[in-house]
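Trainee: Before we start, here is the structure in question, set down as structure tokens.
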Amino acid sequence: MTLATKYDPRSVEEKWYAYWIEKGFFHSQVDKGRVPYTVVIPPPNVTGVLHMGHMLNNTIQDVLVRRARMQGKNACWVPGTDHASIATEAKVVKMLAEKGIDKKSLSREEFLKYAWEWKEEHGGIILKQLRRLGASCDWDRTAFTMDDIRYESVIRVFVDLYNKGLIYRGVRMVNWDPVALTAVSDEEVIYKESHSKLFYLRYYIEGSDRYIVVATTRPETILGDTAVCVHPDDERYQWLKGKKVIVPGVGRVVPIIMDEYVDREFGTGALKITPAHDINDYALGMKYGLESIDIFNDNGTLNEKGGQYEGMDRFACRKQIMCDLEAAGLVEKTEDYTNKVGHSERTDAVIEPKLSAQWFLKMDSLSKKALEVVENGTIRFHPAKFKNTYRHWLENIKDWCISRQLWWGQRIPAYYFEKDGRTHTVVAATEEEARQLAAEKYGYSGALRQDDDVLDTWFSSWLWPISLFDGIRNPGNSEINYYYPTADLVTGPDIIFFWVARMIMAGEEYLKDVPFRNVYFTGIVRDKLGRKMSKSLGNSPDPISLIDKYGADGVRVGMLLTAPAGNDLPFDESLCEQGRNFSNKLWNALRLVSGWQVADSDSQTSTLDSQLSSNSVAVQWMEQRMAQVLEEVEHCFDEYRLSEALMATYKLAWDDFCSWYLEMVKPAFGTALDRETYDATISIFSRLMLMLHPFMPFVTEEIWHQLQDSDTVSSIMTQHMPTSVFYDERFLQRFDTAREVIAGVRNIRATRGLSPKEPLKLSYLATDQRFDISGFEPIIAKLGTVSSIDSVSEKPSASLSFLVGTTECFVPMPSTIDTGEERRKLLADLQYTEGFLAGVLKKLANEKFVSGAPAAVVEKERQKQRDAESKIAALKEQIAAL
RNA sequence: GGGAGUAUAGCUCAGCUGGUUCAGAGCGCCUGCCUUACAAGCAGGAGGUCACUGGUUCGAUCCCUGUUACUCCCACCA
């Protein structure tokens, strides 16, 4: 069979992925005889499309999962999607608007029908895209945070936590998103620096022509002002005690209050109080019994309390009101000011603090346990620095606002009814149960009204590792018992609070155990300029086009090569190119090997390659080198250093295997390779594919198959990952010496203009016992094109030399050599070495060093001295010989 | 305002308990090569005061002080 010069990923990838699915290799089921290895995917938004962050994240998961599977573990990677309430609802609303349908004109049921249709149509694209990447998810288990099992789990948990007294409803100041028209949690508010203005407004004292100046960034909120506050110890304002002021432009008379909350240094030291629109003002309002005037509609426009500004948008109102105040002479001055303004994570709208009735989850007891398991190492973070972030958040945690004024999500199972002039609440999983409860507790049997709100998306995500195995509805079922806790979680540090911490809480609450043992935090994928990849910047490459261009293996390698845990990943397409080149390199190694003629030694001895003697040494070396790298790789995986593990394997394959090993055993043109070496080569090559398979699933499967007797094999996926065995370090070191000799010869050829084809006679001065190339002579001869290797006691005349360690090696000097150039080089080397020796001697002359340092260190220094001295002598001789 | 982290070759990063794995890797770059596996390649090579400053030590890229620069997280200063 002839193989194409270039590796073609496309056909190979399609073929093998279909094969893997067909054979059910990704599927896992409970098997008590095997150790489980579970990973749950961070569920992407159901309507999302794959971006580079997903690529990185899922590549890492796949590497871990495939490796575990090959280690004989029962690997189970559960995929799924998140309903992403706000994001998805916003998309559906937008889609409807494009069709000319206003959400407000629809009933809840009608809207949800559209939403589910949309989900069925557009949902799950991202999971299909993951297949292109090679993700070995157990697709039979694909879940959705709003499918029946997950929906019911969420509802049950809500009821349970309510019954435990951990969930309560209350009127609080919450973060209101005026675009999505819902409350959001503290974590969903992103504070961004913004260039705004600080306005200084005059508040006249009632019945006086004196005024005080108050600074504000939000002049429109004066419509809701119900007090002005100063510091009780502020000398400037003592005279204001008990006075009242007139809100500028509004005319309302409000009291002056005095409270230590006020920062005397800021602005004028006087603060306007708008209890309805600022969290701190709200607290002060409560403290002093102030009226709370809400001036906004839910969508951020002014309501009827806004008087003449009614119906205006809050920002338009800001401008207008300043205009009007200016005209009325009520503005003292305006300054540029930089402050942080909260934006909605989902809609980017400026968050409005708003007083409303919401559901909250108490965090005190939940967070305590969650902190403990990370502190005591039951769960390990990689990198560990995120423990700090985690601790800080949990120690300062506030109750979680879990209700959202949306329709797309799990509807809160709280039911209301009126009896005896009061509103009562019952919480139950179904309306039927709620009815019973109402009857039992309150003797009520009329109609119930269900709460309109749905739950925060994260209130379903936090159960993910449990609900995927139905561990909420069926506690103690065989799946949850077997697969939980999961092994590794791979996610971004940006959702450590949203998701990681809360999953830990849910795990402790419902299974009394952690949800995972390790958390691998990936970095953020950035572009070459260090900018975050985003749609608006247009700097995010489309992952699928990258796969089309470089192959899935190429892209995977590209992502992994520069992605140490927790570090941001400056993505550059050339990395994928490197990955693609590597695939191709492996492919061509296959082409080489499969083109070899093989001869059994007893039958066709005469046609065997004459270098046979070097082959067994080569095999021996490659085996040892592989064992060494396997050990290194195992160590890397233990510490979740995936990019290092890949790089070590990459070098083993490219440098050691291709550049050295294959060159060593490669038969001369027209000759055959002995059977023994051929078999060893196939074996080594195959194991190399196993080592690379977690990183590059497709190309390794393809090559591995071509290396086997095709009728006896199933898949590389079902093979066992090789493990490190004993290797002889001294042997490997001695081989490196031989490598240096070869490099030395090649260097001389390259720099002195010697033909690469003309054989050279090599000799060396055997003065240093560390220099031991015995057994490697045939290899040196072959790769260095050397016709003879001799140990000599004297430098041969008319020769060029190079040093390997302290040993001088020689090749005959060609007549064309430029002795002047040669002399300059040697002199420079001599000068450097003399300087080096001087440093060593100085150190040895230091009495404190000789007596203070360990004997071994001093001896090393003495060795350096001897080496330098002999090198200097050698260099001087060479110079003289010129 | 609080906390954490980073600073090593042109770029991205290793360097685990201070001492020949101490100055490394990959990419890039330079110079030769279309050597019958691979130019998506082969061979060779050049690049660094280990951010700056003091200190501890016989000895510091590594430990401690301080400085500077950048990054991230948290926080209700209008």
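The values are calculated or read from the model by the stated rules, or taken from the named source; none is laboratory data. Just so it is clear, the structure is predicted and the values come from calculations on it, not from any experiment. Glycine gets a Cβ as well: all are built from the backbone with ideal geometry, and neighbour counts include every protein chain shown. Only protein heavy atoms, including side chains, enter the accessible area calculation; ligands, DNA and RNA are left aside. Shrake-Rupley method; radii C 1.70, N 1.55, O 1.52, S 1.80 Å.
Trainee: Could you please let me know if A:Ser540 is open to solvent by 20 Å² or more (accessible area, probe 1.4 Å), assigned to a helix (DSSP H, G or I) and not aliphatic (A, V, I, L, M)? Spell out the reasoning first.
Mentor: Working: open to solvent by 20 Å² or more (accessible area, probe 1.4 Å): yes; assigned to a helix (DSSP H, G or I): no; not aliphatic (A, V, I, L, M): yes.
For A:Ser540, the condition - open to solvent by 20 Å² or more (accessible area, probe 1.4 Å), assigned to a helix (DSSP H, G or I) and not aliphatic (A, V, I, L, M) - is not met.
Trainee: Out of everything in segment A:380-393 that is free of Cβ contacts under 8 Å to residues at least 24 places away in the same chain and over 16 Å from A:Leu489 (Cα atoms), what residue ends up being farthest from RNA strand B (Cβ to nearest atom)?
Mentor: Let us first name the residues in segment A:380-393 that are free of Cβ contacts under 8 Å to residues at least 24 places away in the same chain, namely A:384, A:387-388, A:391-392.
So of that shortlist, the ones also over 16 Å from A:Leu489 (Cα atoms) come out as A:388, A:391-392.
Numbers: A:Asn388: 4, A:Arg391: 9, A:His392: 6 Å.
The qualifying residue farthest from RNA strand B (Cβ to nearest atom) is A:Arg391.
Trainee: Looking at A:Gly329, is it part of a loop (DSSP other than H, G, I, E, B), touching a strand residue (DSSP E or B) at 6+ places or on another chain (Cβ under 9 Å), open to solvent by 40 Å² or more (accessible area, probe 1.4 Å) and at positive phi?
Mentor: Working: part of a loop (DSSP other than H, G, I, E, B): yes; touching a strand residue (DSSP E or B) at 6+ places or on another chain (Cβ under 9 Å): yes; open to solvent by 40 Å² or more (accessible area, probe 1.4 Å): no; at positive phi: yes.
No: the conditions fail for A:Gly329.
Trainee: Look through segment A:336-348, keep the residues that are within 13 Å of RNA strand B (Cβ to nearest atom) and either assigned to a strand (DSSP E or B) or within 15 Å of A:Arg218 (Cβ to Cβ) (or both), and return whichever of them is farthest from the chain's Cα centre (by Cα).
Mentor: First, the residues of segment A:336-348 that are within 13 Å of RNA strand B (Cβ to nearest atom): A:337-343, A:345.
Filter once more, keeping what is either assigned to a strand (DSSP E or B) or within 15 Å of A:Arg218 (Cβ to Cβ) (or both): A:337-343.
Working: A:Tyr337: 36, A:Thr338: 32, A:Asn339: 31, A:Lys340: 27, A:Val341: 28, A:Gly342: 26, A:His343: 24 Å.
Result: A:Tyr337.
Trainee: Only one of (1) more than 49 Å from the chain's Cα centre (by Cα); (2) within 10 Å of RNA strand B (Cβ to nearest atom); (3) open to solvent by 70 Å² or more (accessible area, probe 1.4 Å) fails for A:Lys843. Which number is that?
Mentor: Only one criterion in (1) more than 49 Å from the chain's Cα centre (by Cα); (2) within 10 Å of RNA strand B (Cβ to nearest atom); (3) open to solvent by 70 Å² or more (accessible area, probe 1.4 Å) is unmet by A:Lys843, namely (1).
Trainee: Of the residues A:Ile716, A:Ile703, only one is within 15 Å of RNA strand B (Cβ to nearest atom), open to solvent by less than 60 Å² (accessible area, probe 1.4 Å) and either under 23 Å from A:Ser594 (Cβ atoms) or in contact (Cβ under 8 Å) with a residue 12 or more places away in the chain (or both); which?
Mentor: A:Ile703
Trainee: Give me a count of the residues in segment A:349-393 that are outside any helix (DSSP H, G or I), of a type outside the set (A, V, I, L, M, F, W, C) and either over 25 Å from the mean Cα position of the chain (by Cα) or over 30 Å from A:Glu639 (Cβ atoms) (or both).
Mentor: Filtering segment A:349-393 for residues outside any helix (DSSP H, G or I) gives A:349-363, A:376-385.
From what's left, of a type outside the set (A, V, I, L, M, F, W, C): A:352-354, A:356, A:358, A:362, A:376-378, A:380, A:382-383, A:385.
Checking the rest, the ones that are also either over 25 Å from the mean Cα position of the chain (by Cα) or over 30 Å from A:Glu639 (Cβ atoms) (or both) come to A:352-354, A:356, A:358, A:362.
Count: 6.
Trainee: A further question on this structure: Considering only residues of segment A:271-300 that are open to solvent by less than 30 Å² (accessible area, probe 1.4 Å) and either more than 20 Å from A:Leu201 (Cβ to Cβ) or in a helix (DSSP H, G or I) (or both), which is farthest from RNA strand B (Cβ to nearest atom)?
Mentor: A:Gly300
Trainee: Looking at A:Thr268, is it closer than 25 Å to A:Asp298 by Cα, surrounded by 15 or more Cβ atoms within 10 Å (Cβ to Cβ) and either within 11 Å of RNA strand B (Cβ to nearest atom) or without any contact (Cβ under 8 Å) to a residue 12 or more places away in the chain (or both)?
Mentor: Values: closer than 25 Å to A:Asp298 by Cα: no; surrounded by 15 or more Cβ atoms within 10 Å (Cβ to Cβ): yes; either within 11 Å of RNA strand B (Cβ to nearest atom) or without any contact (Cβ under 8 Å) to a residue 12 or more places away in the chain (or both): yes.
No, not satisfied.
Trainee: A:Ala68 - would you say it is hydrophobic (A, V, I, L, M, F, W, C), buried (at least 22 other Cβ atoms within 10 Å of the Cβ) and in contact with a Ser or Thr (Cβ under 6 Å, 6 or more places away or on another chain)?
Mentor: Values: hydrophobic (A, V, I, L, M, F, W, C): yes; buried (at least 22 other Cβ atoms within 10 Å of the Cβ): yes; in contact with a Ser or Thr (Cβ under 6 Å, 6 or more places away or on another chain): no.
No, not satisfied.
Trainee: Filter segment A:161-178 for residues that are polar (S, T, N, Q) and either in contact with a Phe, Trp or Tyr (Cβ under 7 Å, 6 or more places away or on another chain) or at pLDDT 95 or above (or both) and give the result.
Mentor: As a first pass, look at segment A:161-178 and keep what is polar (S, T, N, Q): A:163, A:175.
The answer is A:Asn163, and nothing else.
Trainee: Go through segment A:394-411 and give me each residue that's within 12 Å of RNA strand B (Cβ to nearest atom) and part of a loop (DSSP other than H, G, I, E, B).
Mentor: A:Asn396, A:Ile397, A:Lys398
Trainee: Is it true that A:Ser851 is more than 47 Å from the chain's Cα centre (by Cα) and near RNA strand B (Cβ under 9 Å from one of its atoms)? Even if it seems obvious, please write down each step before you answer.
Mentor: Numbers: more than 47 Å from the chain's Cα centre (by Cα): yes; near RNA strand B (Cβ under 9 Å from one of its atoms): yes.
Yes.
Trainee: Looking for something within 12 Å of RNA strand B (Cβ to nearest atom) and open to solvent by less than 50 Å² (accessible area, probe 1.4 Å) - is there at least one such residue anywhere in segment A:807-826? Spell out how you get there, then give the answer.
Mentor: So in segment A:807-826, the residues within 12 Å of RNA strand B (Cβ to nearest atom) come out as A:825.
Keeping just the survivors that are open to solvent by less than 50 Å² (accessible area, probe 1.4 Å) gives none.
No, there is no match, as no residue in segment A:807-826 is within 12 Å of RNA strand B (Cβ to nearest atom) and open to solvent by less than 50 Å² (accessible area, probe 1.4 Å).
Trainee: For segment A:577-598, give me the residue count where each residue is modelled with pLDDT under 95 and more than 8 Å from RNA strand B (Cβ to nearest atom).
Mentor: 4
Trainee: Quick one: in segment A:867-882, which of the residues that are within 13 Å of RNA strand B (Cβ to nearest atom) and without any contact (Cβ under 8 Å) to a residue 40 or more places away in the chain is least open to solvent (accessible area, probe 1.4 Å)? Before you say what the answer is, go through the steps one by one.
Mentor: Going through segment A:867-882, the residues within 13 Å of RNA strand B (Cβ to nearest atom) turn out to be A:867-871.
Add one more test, that the residue is without any contact (Cβ under 8 Å) to a residue 40 or more places away in the chain, and what stays is A:868-869.
On the way: A:Ala868: 5, A:Glu869: 80 Å².
Per the criteria, the residue is A:Ala868.
Residue by residue, here is whether (1) touching a helix residue (DSSP H, G or I) at 6+ places or on another chain (Cβ under 6 Å); (2) in contact (Cβ under 8 Å) with a residue 24 or more places away in the chain holds:
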position	(1), (2)
A:Leu330	no, yes
A:Thr334	no, yes
A:Lys340	no, yes
A:Arg346	yes, yes
A:Lys354	no, yes
A:Val373	no, yes
A:Gly377	no, no
A:Ile397	yes, yes
A:Cys401	no, yes
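Trainee: Is there any pair linking a residue in segment A:725-754 that is without any contact (Cβ under 8 Å) to a residue 40 or more places away in the chain to one that is near RNA strand B (Cβ under 10 Å from one of its atoms) and assigned to a helix (DSSP H, G or I), with Cβ under 7 Å and at least six apart or on different chains, and which?
Mentor: A:Arg746/A:Gly784
Trainee: If I go through segment A:739-761 residue by residue, how many of them are within 12 Å of RNA strand B (Cβ to nearest atom) and either under 20 Å from A:Val792 (Cα atoms) or assigned to a helix (DSSP H, G or I) (or both)? Before you say what the answer is, go through the steps one by one.
Mentor: Quick first cut of segment A:739-761, residues within 12 Å of RNA strand B (Cβ to nearest atom) only: A:739-757.
Among the residues that remain, those that are also either under 20 Å from A:Val792 (Cα atoms) or assigned to a helix (DSSP H, G or I) (or both) are: A:739-752.
Going through segment A:739-761 one residue at a time, the tally reaches 14.
Trainee: Search segment A:218-237 for residues that are open to solvent by 20 Å² or more (accessible area, probe 1.4 Å) and pair each with any residue that is not acidic (Asp, Glu) when their beta-carbon atoms are under 6 Å apart and the residues are at least 6 apart or on different chains.
Mentor: Close Cβ pairs satisfying both conditions: A:Pro232/A:Met258; A:Tyr237/A:Val230.
Trainee: Quick one: which residue in A:Thr677, A:Thr671 is within 13 Å of RNA strand B (Cβ to nearest atom) and either closer than 19 Å to A:Ile779 by Cα or in contact with a Ser or Thr (Cβ under 7 Å, 6 or more places away or on another chain) (or both)?
Mentor: Values: A:Thr677 fails: within 13 Å of RNA strand B (Cβ to nearest atom).
A:Thr671 is the lone residue from the list that is within 13 Å of RNA strand B (Cβ to nearest atom) and either closer than 19 Å to A:Ile779 by Cα or in contact with a Ser or Thr (Cβ under 7 Å, 6 or more places away or on another chain) (or both).
Trainee: Which residue out of A:Ile190, A:Ile212 is touching a residue at least 12 places away in the same chain (Cβ under 8 Å), assigned to a strand (DSSP E or B), out of contact with any Phe, Trp or Tyr (no Cβ under 8 Å at 6 or more places or on another chain) and within 16 Å of RNA strand B (Cβ to nearest atom)?
Mentor: After applying the criteria, what remains is A:Ile190.
Trainee: Report, by residue number, each residue of segment A:630-679 that is of a type in the set (A, V, I, L, M) and open to solvent by 20 Å² or more (accessible area, probe 1.4 Å).
Mentor: Just the residues of segment A:630-679 that are of a type in the set (A, V, I, L, M), to begin with: A:630, A:633, A:642, A:645-648, A:652-653, A:662, A:664-665, A:668, A:672-673.
Within segment A:630-679, A:Met647, A:Ala668 qualify.
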